[in-house]
Amino acid sequence: MTLIKGDVKTCRELLKEMTAKLMNPEKIVFTGIGDKDVYNITAPFEDEGELVIAGRTELRDSEHSHVYFFVERNGEWVPRENSPVLELQDPFFTKIAGDLVLGGVQTFPHPTKEGALGWRTVFYKGTSINQLKEFSKGPDGMKDLRLIELKDGSVGVLTRPQGEKGGRGKIGWTRIASLDELTIDAIHDAPLLAGQFMDEEWGGANEPHLLTNGLVGVLGHIASFDQDGNRHYYPMAFALDPETAEVSDIRIICARKYFQPGPAKRPDLVDVVFSGGLVRNVDEGKAVLYAGISDAEAQKIVIDDPFLPYER
């Protein structure tokens with residue numbers, strides 16, 4: 001399938017073009033973690049017969065985060081008993097070669113900037129949450145690394161370099177034969193996808209989906225600063241041909257104003273929606289978007305399935 005790609009557009013231009021219908025925004029209630037916030041969650045996924053959400057959990061005035069695994073009890077999500085708690089931010093999951101693969105962002109004292117944090121993406125795998133074992137790390141300074149098992153059993157790798165190669169953050173793509181080849185060199189060498197972000201803006205992948213025709217539907221985010229230094233993060237989606245690395249245009253699929261009102265971690269984070277995951281309901285042409293809101297809470301909302309047009 002040929003993907004049609006137009007000019008690179010700014011967040012503001014993409015917002016004006018947004019046509020998705022959005023319904024039923026709903027706060028997701030987490031309890032059993034004291035006065036900590038839960039945000040930047042995954043979509044629910046099945047583990048040992050029950051649905052689980054992994055969520056970034058931390059105090060409002062801290063970046064020191066742990067990932068808890070939550071299960072639903074009487075309409076609220078509580079920490080799952082006897083499950084591990086991982087010292088990570090921004091969890092994500094996928095299934096590869098029959099295993100659950102879970103990752104997140106690990107922080108550590110910055111090697112050269114006193115008082116600052118460095119970060120890297122860490123990957124775990126196992127037959128279930130309780131069997132997870134660390135198996136790979138990404139390069140220092142890289143978030144938003146994502147993996148997907150492709151139709152032929154190979155593994156697609158979405159990267160997000162910054163600095164000399166990626167500026168404020170652009171998306172790269174490569175393929176590896178198996179998770180054994182997930183090395184820092186392979187991640188570093190992934191070519192950038194063409195023509196996605198203006199240099200003063202940035203973006204990343206959050207959750208890739210394998211579509212029925214073999215294309216990869218990418219749920220991600222696109223972001224910018226305003227003149228006052230406030231951050232603006234928007235959920236977006238595009239399609240990727242894993243064979244050719246051709247991409248469709250990015251489309252913004254939601255924005256903060258469509259969710260329920262609520263708190264923000266800091267004043268510069270009010271207009272932040274961080275795509276967590278998407279549960280598709282193809283029969284109805286809808287999907288439920290799970291997201292972190294303003295770095296302080298989690299919500300879900302029903303949207304038009306952003307990947308259906310690429311499967312038709």
For region 163-216 the GluC sites (Glu not before Pro) that pass both the DSSP coil test and the at-most-16 other-Cβ-within-10 Å test are E164, E200
Taking R0 as 35 Å and r as the Cβ-Cβ distance between E46 and K143, the FRET efficiency 1/(1 + (r/R0)^6), rounded to the nearest 0.05, comes to 0.85
Whole-Hz Karplus couplings 3J(HN,Hα) for region 43-58, θ = phi - 60° and coefficients 6.51, -1.76, 1.60, Gly and Pro as x, run 5, x, 9, 8, 9, 6, x, 9, 7, 10, 10, 9, x, 6, 10, 6
Expected unfolding gain across E81-D61 under the 0.36 nm per residue rule, minus the alpha-carbon gap, is 4.5 nm
Pairs over 20 Å Cα to Cα, from K257/K300; K5/K300; K36/K125; K21/K143; K9/K286; K36/K265, come to K5/K300; K36/K125; K21/K143; K9/K286
Taking 0.36 nm per residue of separation between R231 and A245 and subtracting their Cα-Cα distance, the length gained on full extension comes to 2.1 nm
Counting only residues 5 or more apart in sequence or on a different chain, those whose built amide H sits under 5 Å from that of M142 are T121
Expressed to one decimal in nm², the mean projection of the alpha carbon convex hull of region 179-312 is 9.7 nm²
Computed for the chain: size of charge dipole around the Cα centre, +1 on C-beta of each Lys and Arg, -1 on C-beta of each Asp and Glu, debye to nearest 20, value 360 debye
Under 5 Å from the placed amide H of R56, counting only residues 5+ away or on other chains, we find Y39, I41, D90
With x for Gly and Pro, the residue-by-residue ³J(HN,Hα) of region 268-284, computed from phi through the Karplus equation 6.51 cos²θ - 1.76 cosθ + 1.60 at θ = phi - 60° and given in whole Hz, is 7, 10, 4, 9, 10, 10, 9, 4, x, x, 10, 10, 7, 10, 4, 4, 9
Per the Cα gyration tensor, region 104-228 corresponds to an equivalent ellipsoid with semi-axes, largest first in Å, of 24, 21, 13
Checked against the structure, the computed Cα extents along the principal axes in Å among [x] 117, 53, 39; [y] 72, 43, 35; [z] 50, 49, 42 is the one labelled [z]
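Coordinate-derived values only; no laboratory data. Here the structure is a predicted model, which means the values were calculated and not measured. Here the Cβ is made from the backbone with ideal geometry for all residues, glycine too, and neighbour counts use every protein chain on show.
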